[in-house]
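This report refers to the structure that appears directly beneath it.
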Amino acid sequence: MSDKISAPLSLRSVRVTDAFWSREMDLIRTAVIPYQWDALNDRIPDAAPSWWAHNMRAAARAVAAKKAGGGYTPAQRNCGFTVYPEEGTAPRDDSFYGFVFQDSDGYKWLEAAAYQLAVKPDKELQKQAQEAIDLICAAQEEDGYLNTYYTLTGREKAFTNLKDHHELYCFGHLTEAAVAWKQATGKDDLLNVARRFGRCIADKFGPGKERGCPGHEIAEMALYRLYEETGEAEWKELAQRFLDVRGTEPSTFALEENRRLKKEGKKELPVTAARYTYYQAHKPVREMDEAVGHAVRQMYLASGMADEARLANDEAMLAACERLWRSAVSEKMYVTGGVGGTHVGEAFSRPYDLPSDTAYSETCAAIGLAFFARRMLQLRPKAEYADVMERALYNTVLSGMALDGKSFFYVNPLEVDPAACETDERLSHVKPVRQKWFGCACCPPNIARILSSLGQYIATQSDNTLYIHLYIGSEITAKMNGQEITLKLDADLQKGTARLTVLSGETEGTLAFRAPAWADNLRAAASGAQHTQFVDGYWLASGRWQAGDTVDIAFDISVQAVAASPLVRETMHQVCYTWGPWVYCAEEADNGKNLHLLRACPERTGEARFTEKQIGGLTLPALTVPGKRVAAPENAPLYAPWQPSETEETKITLIPYFAWNNRGKGEMRVWIETE
Ligand code: FUB
Ligand code: ZN
């Protein structure tokens, strides 16, 4: 597989110039990152507190006391998964609050800040990031251990509950941030913190040591990243160890649970792995064939597995990744690129169970799907992977954040009736409006980090081939055949055209362009190409390229009415409308209440028209499509003999899904009935 392997370009090599996406990236830099820094410092009025800076400061004081030789007696012991100040009492300076994985929020924020700094110097942001890093350094214990929960609630319990207590998850996010910070600033400070914690973990769970693996994955892909950054084999070996231990018998999760039960004098559990589906620890990873359990965990694991397949040329792992991919995207993915059909366990449900109103579709899970897709692309550049990556990015990832960057969705439903969400406990996870922050705030900083690193998703490069996966205007610098070449990508989806222009440099090589699944009739012409071919959904142009050369791509892009497989019970006789990568939805603001009364006329999709809509300060391409509205007289009896429903012609107005709920609270539907 090695000849096909590609890598994202370095952080500074892709500068996003596209009007839409550079606005998003600027928004993250100018609004979201400062807002989130305030959130991490608990300075957002009426928002759930983060406790991140509070916990770091408290842990730093504890570590300082230990270092000073005075010892440290935690004020808290045996805390649960979440800890809050006692009702009616002020938070204590020496106590941990929030979820056990609260540390990770700040690490994600730092990672986003690093990506932004890589492309644009910003003194204030650099200062805040350094402040955060100094705090993290101070909270690291002398042996490298770093987790504010255990430092503050009893270090002797560290590493006793890998299944649920997220120490390795926090380590993973720390490491991701550390590598990004190193790449952005050249500074080793955070990288050394990650290395020291990594060695502390490896001393306990590394090859030849105690068996253990993360209850919430991410350490795997973070370790491969650390390995790729530093070339230090120990990190790859630790990642491999985690993957190899996962799902094998006796289950390490059962063993650690049994140790606790034994201490409490309780009956021990069977040590079989099969019960740990939620954690994807139910079978050895190379045997996995279905996307199961907690959706974010599953996507992060699959991403780490894909890294292993690539870096170790591991064919069995690649085959497992391909099976997981197929299961996730062909049977369990929403049309919006969201995954996780059930809120029970924030998890993948059974195949084709994709309810619209009770959907979970966590923002982080769509982000995880984009991570996985990019890694699959790196292994094998097939357009299918980029299609899914794009679907997730343009729809569910973006819908996770308001257009002003100041409120967020954790759950991304495809149908919302605010009155139902507010009164029906089965829908209590579905918020009809974005929230300023969350007690469990995994999603907001995850959005910040993925959008800040968008350049890493636009193009990847194998030795001599540059793949353009996403048609997002950008300036790209790549080294091909040892020669530097700078390219400008302009894309106008409205017209269905893209042009790549060589700005400078001269080299031999191949430029590859994705034929998106939503485009028809791809046409391509390249001034410098000697040879062209079509492989796995990419149009490849090989030749000698020099300044002034151009490649022109054109495709037909039209509004499409999309139906789900008839096996998806929920959306039988329903359609949704898409245009290019965008999925559209109907909102109450445009169509009135009771969106379930609308009837789409997919056979008349050719009559769809674009109109411009101002939403949240943006001018967006809204759509009107022909439809009907079922009459619903207020005095209609609850039950009556059947008769054909009375309908009246109407125009249904649709807006891009990502922009929904930026005009106040109201109903929303992606899927519209046809009968
Ligand atoms: O457990 C850490 C994060 O919190 C998960 O990824 C999310 O699903 C949320 O549960
Ligand atoms: Zn999340």
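Cα atoms only, region 457-556: Rg and Dmax in Å?
Using the Cα atoms of region 457-556, the pair Rg, Dmax is 12.2, 36 Å.
Quick check for me: using +1 on Lys/Arg Cβ and -1 on Asp/Glu Cβ, what's the dipole size of region 457-556 about its Cα centre, in debye to the nearest 20? Intermediate results must be reported in sequence, preceding the final value.
Working: 7 positive and 12 negative charges, 10 e Å.
Here the size comes out at about 40 debye.
Pop out the ³J(HN,Hα) list for region 493-503 in order, Karplus 6.51 cos²θ - 1.76 cosθ + 1.60 with θ = phi - 60°, rounded to Hz; leave Gly and Pro as x.
5, 4, 8, x, 10, 9, 9, 10, 10, 7, 8
Identify all aspartates and glutamates with a Cα-Cα distance to Lys332 below 15 Å; exclude those on the same chain that are fewer than 8 residues away in sequence.
Straight-distance partners of Lys332: Asp289, Glu290, Glu322, Glu346, Asp353, Glu362, Glu570.
To the nearest whole percent, what portion of all C-alpha pairs in region 209-313 is separated by more than 25 angstrom?
It works out to 23 percent of all Cα pairs.
Antiparallel DSSP bridges in the chain: what percent, to the nearest 5?
Numbers: 89 of 93 bridges.
If I count the DSSP bridges inside the chain, around 95 percent turn out antiparallel.
Tally Lys and Arg at +1 and Asp and Glu at -1 over the other residues with C-beta under 10 Å from the C-beta of Asp143: what net charge comes out? Numbers along the way, then the final one.
Numbers: positive: Arg155, Arg196, Arg199; negative: Glu141, Glu142, Asp203.
After counting each charged neighbour, the total is 0.
Please state the relative contact order of region 162-275 as a whole percent: Cα pairs under 8 Å, 6+ residues apart?
Numbers: 140 pairs, mean separation 30.2, N = 114.
Once divided by the residue count of region 162-275, the mean separation gives 27 percent.
Please compute the contact order of region 457-556 in relative form: average sequence separation of alpha-carbon pairs under 8 Å and at least six residues apart, divided by the residue count, as a percent. Spell out each step's value before the answer.
Details: 247 pairs, mean separation 26.2, N = 100.
It rounds to 26 percent for region 457-556.
In terms of the ratio Rg/(2.2 N^0.38 Å) built on C-alpha atoms, what value belongs to region 553-638? Before the final figure, lay out each step's value.
Numbers: Rg = 15.3 Å, N = 86, 2.2 N^0.38 = 12.0 Å.
Expressed relative to 2.2 N^0.38 Å, the Cα Rg reads 1.28.
Using 7 Å Cα-to-Cβ label points, what is the Asp536/Arg569 separation (nm, one decimal)?
3.8 nm
Quick one: with all protein chains in place, what share of the accessible area of region 22-108 is carbon or sulfur, to the nearest percent (1.4 Å probe)?
Working: 1920 of 3800 Å².
Percent of accessible area from carbon and sulfur atoms in region 22-108: 50.
Using only protein heavy atoms and a 1.4 Å probe, report how much of Arg599 is accessible, in Å² to the nearest 10.
40 Å²
Enumerate the calculated ³J(HN,Hα) couplings along region 118-133 in order (Karplus 6.51 cos²θ - 1.76 cosθ + 1.60, θ = phi - 60°), each rounded to whole Hz, writing x wherever the residue is Gly or Pro.
Coupling constants for region 118-133: 5, 9, 8, x, 7, 4, 5, 5, 4, 5, 5, 5, 5, 4, 4, 5 Hz.
Can you work out the accessible area per residue across region 161-287, with the rest of the protein chains kept in place, probe 1.4 Å, in square angstrom?
37 Å²
Tally Lys and Arg at +1 and Asp and Glu at -1 over the other residues with C-beta under 14 Å from the C-beta of Val433: what net charge comes out? If you can, show how the numbers build up before the last one.
Details: positive: Lys406, Lys431, Arg434, Lys436, Arg663, Lys665; negative: Asp46, Asp404, Asp417, Glu422, Glu587, Glu588, Glu667.
Taking every Cβ under 14 Å from that of Val433, the sum is -1.
Can you tell me which aspartates and glutamates have their Cα less than 13 Å from the Cα of Lys436? Leave out same-chain residues fewer than eight positions away.
Asp38, Asp42, Asp46, Asp404
Taking 0.36 nm per residue of separation and subtracting the Cα-Cα distance, what length does fully extending Asp289 through Glu124 add? Don't jump to the answer; show the numbers that get you there.
On the way: separation 165, 0.36 × 165 = 59.40 nm, distance 4.72 nm.
Taking Asp289 through Glu124 to full extension adds about 54.7 nm, to one decimal.
Rounded to whole Å, give me the distance from the Cα center of region 273-336 to that of region 612-675.
Distance between centres, Cα-based: 38 Å.
Within 10 Å, count the other beta carbons around each residue, average over each peptide in 195-205, 634-644, 518-528, and list them highest first. Provide the component values of the computation, followed by the final result.
On the way: 195-205: 19.2, 634-644: 5.5, 518-528: 16.1.
The densest-packed peptide leads the list: 195-205, 518-528, 634-644.
Return one whole number: the accessible area per residue of region 457-556 in Å², for a 1.4 Å probe. Show your work: numbers first, answer last.
Details: 3940 Å² over 100 residues.
Per-residue accessible area for region 457-556 comes out at 39 Å².
Would you kindly find the accessible area of Asp307, with a 1.4 Å probe and non-protein molecules such as ligands, DNA and RNA excluded, rounding to the nearest 10 Å²?
Answer for Asp307: close to 10 Å² accessible.
Quick one: compute a quarter of the convex hull surface over the Cα atoms of region 1-88 and quote it in nm².
Values: hull surface 51.4 nm².
It is 12.8 nm².
How large a share of the accessible area of region 192-328, in percent, is made up of carbon and sulfur atoms when the probe is 1.4 Å and the other protein chains stay in place?
Numbers: 2500 of 5080 Å².
Ligands and nucleic acids excluded, carbon and sulfur reach 49 percent.
Which percent of the Cα-Cα distances in the chain go past 50 Å? Spell out each step's value before the answer.
Working: 28292 of 227475 pairs.
Here the long-distance tail beyond 50 Å is 12 percent of all Cα pairs in the chain.
Can you tally the net charge around Ala281? Count Lys and Arg as +1, Asp and Glu as -1, for every other residue whose Cβ sits under 10 Å from the Cβ of Ala281.
Details: positive: Lys163, Arg246, Arg275, Lys283, Arg297; negative: Glu217.
Local net charge: +4.
For the pairs Lys108/Lys187; Lys204/Lys263; Lys382/Lys431; Lys120/Lys236; Lys283/Lys382; Lys182/Lys479, flag any whose C-alpha to C-alpha distance is greater than 26 Å.
Values: Lys108/Lys187 17 Å; Lys204/Lys263 21 Å; Lys382/Lys431 36 Å; Lys120/Lys236 31 Å; Lys283/Lys382 28 Å; Lys182/Lys479 21 Å.
Table pairs above 26 Å Cα-Cα are Lys382/Lys431; Lys120/Lys236; Lys283/Lys382.
For region 457-556, which whole percent of the accessible surface, found with a 1.4 angstrom probe, sits on carbon and sulfur atoms?
Values: 1610 of 3940 Å².
Result for region 457-556: 41 percent of the exposed heavy-atom area is carbon or sulfur.
The values are calculated or read from the model by the stated rules, or taken from the named source; none is laboratory data. Treat the numbers as computed from the prediction; the structure is a model and nothing was measured. Quick reminder, even Gly has a Cβ in these numbers, built from the backbone with ideal geometry, and neighbours come from all protein chains shown. To get the accessible areas, we keep the full protein, side chains included, count just its heavy atoms, and leave off ligands, DNA and RNA. Shrake-Rupley method; radii C 1.70, N 1.55, O 1.52, S 1.80 Å.
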